[in-house]
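Heads up: the structure comes next, in structure tokens.
Every read-out reported here was derived from the displayed coordinates using simple, explicitly stated rules and does not represent laboratory data. In this text the structure is predicted, and so the values were computed from the model without any measurement. All Cβ positions, glycine included, derive from the backbone under ideal geometry; neighbour counts span all protein chains shown.
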């Protein structure tokens with residue numbers, strides 16, 4: 001018996017229109033070696049001064065107010081994208097987000113954190129421009145102690161980064177921490193920077209289906225919490241003020257690794273497409289603190305997984321393929 005040729009039409013259309021990532025689950029592991037940034041023993045930006053840029057892959061702007069950007073391709077390797085391996089996403093970060101006023105040069109009516117330039121009276125500052133830390137690869141497949149963290153620039157009284165032998169000086173732990181810091185600008189904090197966030201922005205050609213996305217958070221304790229903001233294609237925003245290990249969207253994988261599944265979040269339609277999302281570390285729950293929990297928390301973004309939305313051309317050709325199949329069956 002000869003198989004109908006219409007059975008081969010759909011795979012052929014998929015192969016010709018989508019590339020290797022069409023309909024497949026794309027995975028990123030945020031370690032130096034998995035990203036192609038170094039060996040298994042490499043850590044990036046864990047020291048007292050910033051490390052050199054890796055062109056097109058991991059870049060910390062030299063201009064005042066510029067933090068770190070990590071570029072990741074669909075293969076999971078760091079890079080700005082090629083024809084065969086397009087750019088999938090970029091990751092940036094910020095720190096010391098509790099501070100909302102008192103920045104140098106701002107008046108009483110201009111206390112916004114205009115730290116990236118713009119039309120306000122504040123010039124660009126380094127105070128909240130975060131630096132990404134990239135962990136080495138561990139021995140566990142679960143991402144234990146692996147991932148991206150957030151460092152802060154060591155700044156002067158004007159909020160400008162200090163240097164040592166021409167390299168920007170860093171301060172704070174390598175983890176993304178949550179806690180309560182000063183609301184007014186303080187150039188010389190008495191403790192490590194707290195309240196930090198990581199932002200993931202998908203390329204316009206690599207946006208992901210919302211309920212297919214899951215992320216791994218390592219070094220995530222029972223008292224840790226995050227604030228999650230999801231930006232959807234079309235302009236809608238979903239905001240979750242506090243998510244911890246008791247959330248239905250969270251599941252423990254052991255070894256202090258927590259999986260956050262977007263499919264478990266309320267209000268996220270199955271057809272929703274995500275353009276970006278932000279994770280902000282929060283101060284641990286007061287009840288956990290009373291029981292002896294950490295006062296600042298701390299976690300790393302260990303991994304991301306999700307399905308890229310098919311290109312518009314692929315979707316239309318899928319319909320054509322279906323019509324071809326129907327016509328052949330009618331003959």
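Before anything else, pin down the relative contact order of the range 26-300: Cα pairs under 8 Å, at least 6 apart, normalised by residue count, whole percent. Could you put the intermediate results ahead of the total?
On the way: 728 pairs, mean separation 50.1, N = 275.
18 percent.
With the Cα gyration tensor of the range 176-254 giving a ≥ b ≥ c as the square roots of its eigenvalues, does the rule (a/c under 1.5 for rounded; else a/b larger than b/c for prolate; else oblate) give rounded, prolate or oblate? Display every interim value, and only then the final one.
Values: a/c = 2.30, a/b = 1.41, b/c = 1.63.
Judged from the Cα gyration tensor, the range 176-254 comes out oblate (a/c at least 1.5, b/c at or above a/b).
Points 7 angstrom from Cα along the Cβ direction at residue 273 and residue 229: gap in nanometres?
2.2
How large is Rg/Rh for the range 149-195, to two decimals, with Cα atoms and a Kirkwood Rh?
A ratio of 0.97.
Mind sorting 68, 278 by how few other Cβ atoms lie within 10 Å of their own Cβ, fewest first?
Going from sparsest to densest Cβ surroundings: 278, 68.
To check you understand DSSP bridge types, tell me what percent of the beta bridges within the range 26-300 (both residues inside) are antiparallel, rounded to 5.
95
With label points built 7 Å along Cα→Cβ from the Cα atoms of residue 222 and residue 239, find their separation and express it in nm.
3.1
Project the alpha carbons of the range 118-261 onto their principal axes and report the range along each, largest first, in whole Å.
44, 40, 29
Among 136, 219, 259, what is the fewest-to-most ranking by other Cβ atoms within 10 Å?
136, 259, 219
Just want the ordering: 99, 42, from fewest to most Cβ atoms lying within 10 Å of their own Cβ. Let's see the in-between values first.
Numbers: 99 22, 42 16.
Lowest count first: 42, 99.
Can you tell me what percent of all Cα-Cα pairs in the range 26-300 are more than 32 Å apart?
22
Pulled fully out, how much extra length does the chain show between residue 33 and residue 82, if you take 0.36 nm times their separation in residues and subtract their Cα-Cα distance?
That works out to 15.7 nm of additional length.
Hey, with R₀ at 41 Å, roughly what FRET efficiency would residue 100 and residue 248 work out to, going by the Cβ-Cβ distance, to 0.05?
The pair residue 100/residue 248 has a calculated efficiency of 0.80.
Testing the spin-label approximation: label points 7 Å from Cα along Cα→Cβ at residue 164 and residue 180. State their distance in nm.
3.2
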